[in-house]
Amino acid sequence: MTLKNRLRAKISDANNFGMEHLTKWLNEERGRRGKLAAALNITSGALSQWNQVPAHQALAVEAVTGISRHALRPDVFGEIAA
């Protein structure tokens, strides 16, 4: 694997990290996708297209889901302090 491909994979993994938390939350209970989409004033289809939580939506997603903005977008808000 070339250096360029390794860097792409690393960036992709970092971007998907927050989505793992959100996807888990969405799948835990029926209707959550619609509830979150309504709170964000977007369609559930638009929400399904996210590869990562948009930075401008992270605070609203945090408010609805309880998932820390640091977990959703560590590249923007930094890692959760240990």
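The values are calculated or read from the model by the stated rules, or taken from the named source; none is laboratory data. Since the structure is predicted, the reported quantities are computational estimates derived from the model, not experimental observations. Here the Cβ is made from the backbone with ideal geometry for all residues, glycine too, and neighbour counts use every protein chain on show.
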If a residue must be surrounded by 15 or more Cβ atoms within 10 Å (Cβ to Cβ), among the hydroxyl-bearing types (Ser, Thr, Tyr) and in a helix (DSSP H, G or I), how many such residues does the range 45-73 contain? 1
Close pairs (9 angstrom Cβ cut-off, 6 or more residues apart or separate chains): farther than 21 Å from ARG73 by Cβ in the range 34-53, among the polar types (S, T, N, Q) anywhere: GLY34/SER44; ALA38/SER44
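If I filter the range 74-82 for residues that are modelled with pLDDT of 95 or more, in a loop (DSSP other than H, G, I, E, B), out of contact with any Cys (no Cβ under 8 Å at 6 or more places or on another chain) and not polar (S, T, N, Q), do I get at least one hit?
Residues of the range 74-82 that are modelled with pLDDT of 95 or more, as a first pass: none.
Taking every residue of the range 74-82 in turn, none turns out to be modelled with pLDDT of 95 or more, in a loop (DSSP other than H, G, I, E, B), out of contact with any Cys (no Cβ under 8 Å at 6 or more places or on another chain) and not polar (S, T, N, Q).
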